[in-house]
Each structure stands twice: as structure tokens, then as C-alpha cells.
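Structure record follows, encoded as C-alpha cells.
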Amino acid sequence: MSSALPDFQQYQLAFTAHIRNPTLHKKPASVAENRMAVYRQAIFNNFLTTVSSCFPVCQQVVGVRAWKKLIQRFVAEHAAKTPIFKEIPFEFTQFLASLEGIPPYLPALAHYEWVELEVTHQPIVQVEISPITDFLDEIPLFSPHQLLAYEFPVHQISKKNIPVAITPTYLLVYRNAAFSIQFVVLNPMTFQLLSLLSTQPQTGRQALTQLGLALGQTDAAPILQYGHEILMDLAQQQVFLGTTVR
């Protein structure tokens, strides 16, 4: 610790370093151990409660003891990029992604659970909705959503169902009109179609034509029919708010 810092800043750094990792950093000499213990426990409990509420399945598959050790490591080791407390769950996903020696599916599972929280708070884009709802010749408007690609079937993981092999998995997580978070399992082609529509506003016909060219299709009719049926089915599930002409 630099002696060039004012005394109060040296004290603050020593205080917070001890709270984060009491094994590695001694407490400031002027603070009684019983008072320091209160701070340590309060900080840890806040992190434990916040993170655990967002990742119930992760906690279940890891187990209580190992989960608490993960939270302790998170508090001690992770350099968060934000001071905003509600963004701690996302920081935890970043922390897991950087770790070695944990179950290989755990970072993906944590990200999937975090996405549910993120989609809950996504705003709806304010665009004039067409009265026609033509998914081929107008631009589909997504409900709040995230398109996800993982190496494991994260939506199926539980304490009794742990993945043992890589299984490419494509999901759409979205918020319906009742403000309920839903998911749809996608095949690779539908994932590509929705990725095109989500990344760049365009009509269904434009996206399907682009997809057909990428797949080497010379006849556009079959893929247009396939894509239109897919878009209509997703619309029935409230994946889309409707369509727009701009």
C-alpha cells in the first residue's frame, strides 16, 4: 500500500481489503474484531442474497457449501466494472466465465438465468405498429428478448439432470404481453433467421432471401413458405408485438 496516500485513504483500503479477503489481508489495528466481524458478515450476506436470488438453479446444482465458497471468491477476487448494486448478477456471470476448475456448463447456465432478469427489465421499442401484420413484407417487431447460443442445454439442467457432453443449444428468451418470461427452443436455421431480423430491421422476405442465399438455395419459394410459417407460429406465442413498415 502506497505511503503517499493520506492516512484516511490507507485506512479505507485496508478496511475494504480485509472485508473482501480476511485470510489475505489483516484488519486495521484500530478496529475491534467483533465490529469487523459484523461488517464482514453483513457484506457477505448482501452478496449471497443478491446473487442467490438470481441464480437458483446454479445454486441447486453446485450445492450450498460450494456455492458459498464461490460467492466468497467472487467478493474477494472479482474487479467489478460498475458500482451499481443491481448489476451484481451480471458481474457474477463475468466472474464465472473467467474461472477454471468449475463445471463447464456453469457459466452458460448462470448467463441463461441472468438473461431472464435482463429481459424482465428490457424496455419496449416505441414504433408505430402496422394494422396489417404482414410478416413477409413488413418488419417484424420483437417483444423484449434475447437470442442465445450455448454449448449445453441450459434450459434442461437441474440437480438430477447434469449435462455430460456438449450439445449445441439455441434458445429465444422473451417477455410476453402478460409480462411473463418464456423461452422457445430453436433449430439452427430459425436461430439464423431471428438473428438476421433482430440485428438489422428488415422484412421477413428480405431476411429469408438472405438466409436462402447463405444456404445455397436457388429457389426462394420453399424457404419463404418455411419462414412465414415459423414467423406466424412465433407470433402466436407473442414473440412479436406485430409488424411495422419502417
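Considering only PHE142, PRO89, VAL64, whose Cα is most displaced toward the positive end of the charge dipole of segment 47-150, charges sitting on Cβ of Lys, Arg (+1) and Asp, Glu (-1)?
Towards the positive end, the residue furthest out is VAL64.
How big is segment 139-244 along each principal axis, measuring the range of its Cα positions in Å and listing the largest first?
Ordered largest first, segment 139-244 gives principal extents of 46, 35, 21 Å.
Rounded to the nearest 500 deg cm²/dmol, what is the calculated helix-only ellipticity per residue at 222 nm for the chain, with -39500 (n - 2.57) per DSSP H run of length n ≥ 4?
Values: 9 runs with 123 residues, N = 246.
Dividing the helical sum by the residues of the chain leaves -16000 deg cm²/dmol.
Between ALA66 and GLN206, with labels modelled 7 Å along Cα→Cβ, what's the label distance in nm to one decimal, could you check?
A separation of 4.8 nm, rounded to one decimal place.
Starting from segment 74-144, pick out the GluC sites (Glu not before Pro) whose DSSP state is loop and whose Cβ has at most 15 other Cβ atoms within 10 Å.
Working: sites: GLU77, GLU87, GLU91, GLU100, GLU113, GLU116, GLU118, GLU128, GLU138; in loops: GLU100, GLU128, GLU138.
Answer in residue order: GLU100, GLU128.
Over segment 207-246, what number does the Rg to Rh ratio reach, with both radii from the alpha-carbon atoms and Rh per Kirkwood?
Ratio of gyration radius to Kirkwood radius: 1.05.
If you line up the long axis of helix 188-199 against the longest principal axis of the chain, both from Cα atoms, how many degrees apart are they, to the nearest 10?
80 degrees
Here are some values of mean projected area of the Cα convex hull in nm²: (1) 13.8; (2) 17.7; (3) 18.6. Which one was computed from this structure?
Evaluating mean projected area of the Cα convex hull in nm² on these atoms matches (3).
Please identify every one of the trypsin sites (Lys or Arg not before Pro) in segment 137-208 that sits in a loop by DSSP and has no more than 11 other beta carbons within 10 Å of its own beta carbon.
Numbers: sites: LYS159, LYS160, ARG175, ARG205; in loops: LYS159, LYS160.
Counting only loop positions with at most 11 other Cβ atoms within 10 Å, the trypsin sites (Lys or Arg not before Pro) in segment 137-208 are LYS159, LYS160.
Roughly what would the spin-label model give for VAL125 and ASN161, points 7 Å off Cα along C-beta, in nm?
3.3 nm
Only sites in a loop by DSSP and with at most 14 other Cβ atoms within 10 Å count here; which trypsin sites (Lys or Arg not before Pro) in segment 21-77 make the cut?
Values: sites: LYS26, ARG35, ARG40, ARG65, LYS68, LYS69, ARG73; in loops: LYS26.
Those satisfying the criteria are LYS26.
Past 29 Å, Cα to Cα, is the threshold; run LYS26/LYS159; LYS81/LYS159; LYS69/LYS159; LYS86/LYS159 against it and keep the listed order.
Details: LYS26/LYS159 38 Å; LYS81/LYS159 32 Å; LYS69/LYS159 18 Å; LYS86/LYS159 27 Å.
Correct reply: LYS26/LYS159; LYS81/LYS159.
Can you check what the Kirkwood hydrodynamic radius comes to for segment 7-102, Cα pairs only, in Å to one decimal? Mind dumping the intermediate values first?
On the way: mean 1/r = 0.0694 Å⁻¹.
Taking every pair of different Cα atoms in segment 7-102, averaging 1/r and inverting gives 14.4 Å.
Here, each number is a calculation from the coordinates, and none is a lab measurement. Because the structure is a prediction, the values reported are computed rather than measured. Please note: Cβ atoms are built from the backbone with ideal geometry, for glycine as well, and neighbour counts cover all protein chains shown.
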